[in-house]
Structures are given as structure tokens and as C-alpha cells.
1. Filter region 212-224 down to the residues that are surrounded by fewer than 17 Cβ atoms within 10 Å (Cβ to Cβ) and in a helix (DSSP H, G or I) and list them by number.
2. Considering each of ALA190, ALA151 in turn, give the residue that is buried (at least 20 other Cβ atoms within 10 Å of the Cβ), part of a helix (DSSP H, G or I) and within 19 Å of the chain's Cα centre (by Cα).
3. If you take just the strands (runs of 3 or more DSSP E) that sit entirely in region 24-138, which of them hold at least 3 residues that are of a type outside the set (Gly, Ala, Ser) and within 28 Å of ALA151 (Cα to Cα)?
4. Look at region 49-72 and say how many of its residues are touching a Gly at 6+ places or on another chain (Cβ under 7 Å) and closer than 20 Å to ALA30 by Cα.
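Taken together, the values in this text are just the output of simple stated rules run on the coordinates, not laboratory data. Since the model is a prediction, treat every value here as computed from it, not as a measurement. Quick reminder, even Gly has a Cβ in these numbers, built from the backbone with ideal geometry, and neighbours come from all protein chains shown.
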Amino acid sequence: MKLDGTGALVAGGASGLGEAAARELVARGARVAIVDVNEERARALAQELGDSAVSFRADVTSEADVEAAVTAAVEQLGELRFTVSCAGVGWAERTVSRNGPHQLQPFETVLRINLIGTFNVLRFGAAAMAQNEPDEGGERGAVVMTASIAAFDGQIGQIAYAASKGGVVGLTLPAARDLSRQGIRVCTIAPGTFDTPLLAALPQEARDALGAQIPFPSRLGRPGEYAALACHIAENPMLNGETIRLDGALRMPPK
């Protein structure tokens, strides 16, 4: 896929990994719809990026919101050939603690945002892509989803987060197989420990300690490195049905 001139949508695109992806896509000539529950921040980023970006508010857990955002993106951009899903939340709680069993409500919330939200962007984005004319290679679009190495190395207290991200990994291959007939590729990135707003509140000493756990490079991942991989997936037609760890060879310890 040639990103120059391509219509793309980034869910969770107003901050963190999604913001980096939106910026990189615009830098490579794509026209980008920034979709986020934080309407004000999404609008500000789109204005900063100029005529190549538009913004829409959507809660990814709402199928009506996602469907409307995808429809609006197609109308504004002319077509949609690439989606990136970055909307997500975390939660720390043990299966059983001194307070009793894990609460159900936060478990459900994490799954709704991280897994169901990703599925909503996948299905509505792919439905729009299926209407495209295929390019010279027969491709109509590509999808990048975001998991985490917690899907494989979930730590103590990460049961909700790891389950949600494991679900995203589980979506990847069957979705790629489902959509092969339409010429739509699906891949997932599983980042390690990245310098995102989720970690921004930590003291610098704690951030440095997290980075030191990574074999090489021994630092936190940079959002731009996620964005570069997302764009490479779009541009490389043989990447399909794969989950790619982006973690500097980190394997998370139990805690």
C-alpha cells in the first residue's frame, strides 16, 4: 500500500501511540481521521496537522459511534484504506486479594475498551475497505491492531489487561483469513514498555528503572517507533495475520 494520498483512520489517535501514528501517517502523505473519545484533544491535533487531518469523537465501545466515525471518515477522505486501533486502558488488580475476588466491573470495562473497541474498529473499518477498488496487487486495505506483550507475559495484577490484549492477538489470524477474500490484511503490534501518557505520571527514577529492564535498547520505547512499524505494515504486502512484538527483547517477569 502506498500511504501517500491514502485515507487512514486512527482510533485513540489523540494521544500516545495513536497520536504518533497519526503524525507519521500525515508525514508520509496520508489523509488521516483522528478518532478519540477526547473530542477537544483530537480536534486540536487535527488542526495542528493541517489540511491532511480531520477529527471525530467516538467511544470505541459504542458500535453506533464507531460506525458513524468510519462513515464520516469515508465522506471526508474519499475512501478508507488503513486503520490503526490504539484506544486502550489498563487496570491493576489480583484475581484474589486481601479485599476478596477481583471486581467484575473493571474487568468488563477493560475488555470492552481494549477488545470489543478494537473489534468495532476492525469490523466497521474493514466493511468500508471492502467497497474500495483493489490496487494493482489486489489489495483493498490494511488493519493494524494494538495488543501488548502482556498478552504473552502478563504480570501479577494484570489479569484484566492481559486477557483483553490476548483477545486482540486471538483476533488477528482469523480476521486476516476472513478478510483475505476482500484483499484486506490484518496485523497486530504488541508493544513492550513504551513512553506513553500511561507512564508519564511516574517519577523519572521509576521510568529509568523500567527502561533498564529492556535488554536492548535499554530504554522505554518511543511512540514514533510504534508508528514506524504501523506504517511499515501498511507498506509491506506480505505482512498479514501476524502479531509482532515491539519490545527490545523484553520478557516481563512475574512482577
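1. Listed by number, the residues that qualify are ALA212, GLY224.
2. None of the others qualify; the one that does is ALA151.
3. Answer list for region 24-138: 31-36, 82-85.
4. Going residue by residue through region 49-72, those that are touching a Gly at 6+ places or on another chain (Cβ under 7 Å) are 60-61, 70.
This time we only want the ones that are closer than 20 Å to ALA30 by Cα, so: 70.
Residues flagged as touching a Gly at 6+ places or on another chain (Cβ under 7 Å) and closer than 20 Å to ALA30 by Cα within region 49-72 amount to 1.
Residues are listed down the side, and each one gets a yes or a no for (1) in contact (Cβ under 8 Å) with a residue 60 or more places away in the chain; (2) closer than 23 Å to GLY18 by Cβ:
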position: THR193; (1), (2): no, yes
position: LEU198; (1), (2): yes, yes
position: PRO203; (1), (2): no, no
position: ALA212; (1), (2): no, no
position: PHE216; (1), (2): no, no
position: PRO223; (1), (2): yes, yes
position: ASN236; (1), (2): no, yes
position: GLU242; (1), (2): yes, yes
position: ARG245; (1), (2): yes, yes
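Every residue, every condition in (1) in contact with a Phe, Trp or Tyr (Cβ under 7 Å, 6 or more places away or on another chain); (2) surrounded by 24 or more Cβ atoms within 10 Å (Cβ to Cβ); (3) over 16 Å from ALA176 (Cβ atoms), yes or no:
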residue	(1), (2), (3)
ASP59	no, no, yes
THR83	no, yes, no
ARG98	no, no, yes
THR109	no, no, yes
LEU115	no, no, yes
ASP135	no, no, yes
GLU139	no, no, no
VAL143	no, yes, no
